[in-house]
1. Among the numbered criteria (1) among the polar types (S, T, N, Q); (2) in contact with a strand residue (DSSP E or B) (Cβ under 7 Å, 6 or more places away or on another chain); (3) under 30 Å from Ala169 (Cα atoms), which single criterion is violated by Asn448?
2. Whether any residue in the stretch 216-224 is within 16 Å of the ligand (Cβ to nearest atom) and of a type in the set (D, E, K, R) is what I want to check.
3. Any idea which residue in the stretch 387-402 is nearest to the ligand (Cβ to nearest atom), counting only those that are in a loop (DSSP other than H, G, I, E, B) and either of a type in the set (Val, Ile, Thr) or without any contact (Cβ under 8 Å) to a residue 40 or more places away in the chain (or both)?
4. If I filter the stretch 184-201 down to residues being within 26 Å of Tyr451 (Cα to Cα) and in contact with a strand residue (DSSP E or B) (Cβ under 6 Å, 6 or more places away or on another chain), which single residue comes out as surrounded by the most Cβ atoms within 10 Å (Cβ to Cβ)?
5. Assuming Leu125 fulfils every condition listed in (1) surrounded by fewer than 23 Cβ atoms within 10 Å (Cβ to Cβ); (2) within 28 Å of Phe442 (Cα to Cα) apart from one, which condition is it?
6. Please name all residue pairs, on different chains or six or more residues apart, with Cβ atoms under 9 Å, provided the first residue is in the stretch 110-123 and is within 12 Å of His143 (Cβ to Cβ) and the second residue is buried (at least 20 other Cβ atoms within 10 Å of the Cβ) and of a type in the set (Val, Ile, Thr).
7. Can you tell me which residue among Ala245, Ala167, Ala206 is modelled with pLDDT under 95, of a type in the set (Gly, Ala, Ser) and either within 16 Å of the chain's Cα centre (by Cα) or within 16 Å of the ligand (Cβ to nearest atom) (or both)?
8. Residue pairs, Cβ under 9 Å, 6 or more apart or interchain, first in the stretch 168-181 and at negative phi and touching a residue at least 60 places away in the same chain (Cβ under 8 Å), second surrounded by fewer than 24 Cβ atoms within 10 Å (Cβ to Cβ) and part of a loop (DSSP other than H, G, I, E, B). List them.
Amino acid sequence: MGGEFKDECGVFGLSLKDRSDYMVRHMFLGLFSLQHRGQESCGISYETDDGIEVVKSRGLVSGDFLENLPKNVSSKIAVGHVRYATCGASNLINAQPLIFKSNKGDVAIAHNGNLPNSERLKRDLLLKGAIFQTTSDSEILIHLMSMLPGSDFETSLIDSLKTLEGAYAMLVMSNDKLIAFRDPQGFRPLSYGFINEGVVFSSETAALTIIGAHDITTVKPGELIVCSNGAIIKKIDLSGGQKPAQCVFELIYFARPDSVVFDEAVYQFRLRVGRKLAQNRHKDTDLVIPVPDSGNVSALGFSRESGIPFDLSLMRNHYTGRTFIKPGQQLREDSVKMKLNPVATEIRGKTLSIIDDSLVRGTTSKKIVKMLREAGAKEVHVYLASPEIIGSCYYGINTPTTDELISAQNKPVEIAKIIGADSVTFLSVADLKECLTDSNAFCYACFNREYPTTIDELSCKGCF
Ligand code: SF4
């Protein structure tokens, strides 16, 4: 279930008309609003008279990072990042933004996504003499830029993008420009809006509305936007007519329900999914209960469609971070109990429809079903707000290998037995598509293994 799916990353950046100490406040609020997309590290880079400065910390935006933020600094361009390591080791050197002093001037980069051809590109660059500072695939772009002739930052960036494949929503800054772009298929989201002082970009619109941005819109797949002095000075279409393949899991799980992602309101989408699931329900149970938080809105849709009362008797403790739980620790075993607890008085003797976003390995759902039965539930019917996950993701989502995916190995009836549920029901791919405004614009590869790019055997096996 949701807890088994790892987060990815979030980017946030701005270009202001004038240098302002608002920069730090906006960057903090923006990254704080994207915290759900990555909790391992965070950082901002910003322009100064002495070049680009960077502040990075491990952990949460409200942790050491807040303490380390510069005081009394005025700047007009900044980019920021919250990170979950989908590629490259989880240490501070790989924390973003990455900054470089290059023959194109100071450059900082914040990247959400994954480059399936990264290992091949890196091998070629090493042969040409590149010296890598990090193990992050995002650094490849800087080396591609620096190896091109000429000193123009913008031209070298655009030319380098022709070599990249895969998923990238990126913010790249020099001392006087902010450039935002999505890969031609638009796997990862990126939006922008306007504030009095300039232009703001974010992985999700929730971070834009929180700082009061207006006229919010999506950076289109393959679109590149150049900003300077708080204004958009150029937009270029680099899509090459490729078919979009936006990650449908952003809508199912990653994005906040108060965001609009890929021009789709996440809350509305999840309500529709819940209604679809209810139309395929096995029986009318006593209660509909979400696995919080990612199952909340779909459970509400399920309840509205079925007329079965919505109930919150699976409680989430919001104070459980994951950074302090080290692999192999006993605490990891207890992590589900630390995070979720049933309200026995409400579920004892009842039949339940449990709504969650997805099923990955099945280990978390097994623990949840056991917990509910121990609390006295009479029947537990599990509904998933996504189809069966049968393939790994190569585009920035840290899914396990196929042999660890419970749906790649088992039918729903077998899965019900494994996790101890009375039944398990998945959303069908057809029903998922019906819940989308433009179903042709999405990637469904983890449900049907039809990958929208070629997958490079050399690349980044550690991610999968
Ligand atoms: S394979 Fe799945 S998780 Fe990865 S981009 Fe496609 S839809 Fe998203």
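1. The failed condition is (2).
2. No, the stretch 216-224 contains no residue that is within 16 Å of the ligand (Cβ to nearest atom) and of a type in the set (D, E, K, R).
3. Narrowing the stretch 387-402 to residues in a loop (DSSP other than H, G, I, E, B): 387-401.
Those still in the list that are either of a type in the set (Val, Ile, Thr) or without any contact (Cβ under 8 Å) to a residue 40 or more places away in the chain (or both) too: 389-390, 397, 399, 401.
Values: Ile389: 8, Ile390: 10, Ile397: 4, Thr399: 7, Thr401: 14 Å.
Once the filter is applied, the top-ranked residue is Ile397.
4. Of all residues in the stretch 184-201, those within 26 Å of Tyr451 (Cα to Cα) come to 184-191.
So of that shortlist, the ones also in contact with a strand residue (DSSP E or B) (Cβ under 6 Å, 6 or more places away or on another chain) come out as 186-191.
Details: Gly186: 28, Phe187: 29, Arg188: 31, Pro189: 28, Leu190: 28, Ser191: 25.
By that ranking, first place goes to Arg188.
5. For Leu125, the exception is condition (2).
6. Every condition considered, the pairs that remain are Ser118/Ile140; Leu121/Ile140; Lys122/Ile140.
7. Only one candidate qualifies: Ala167.
8. From residues that are at negative phi and touching a residue at least 60 places away in the same chain (Cβ under 8 Å), the pairs are Ala169/Val219; Ser174/Lys104; Asp176/Asn229; Ala180/Val219.
The values are calculated or read from the model by the stated rules, or taken from the named source; none is laboratory data. Values in this document were obtained by computation on a predicted structure and should not be read as measured data. Here the Cβ is made from the backbone with ideal geometry for all residues, glycine too, and neighbour counts use every protein chain on show.
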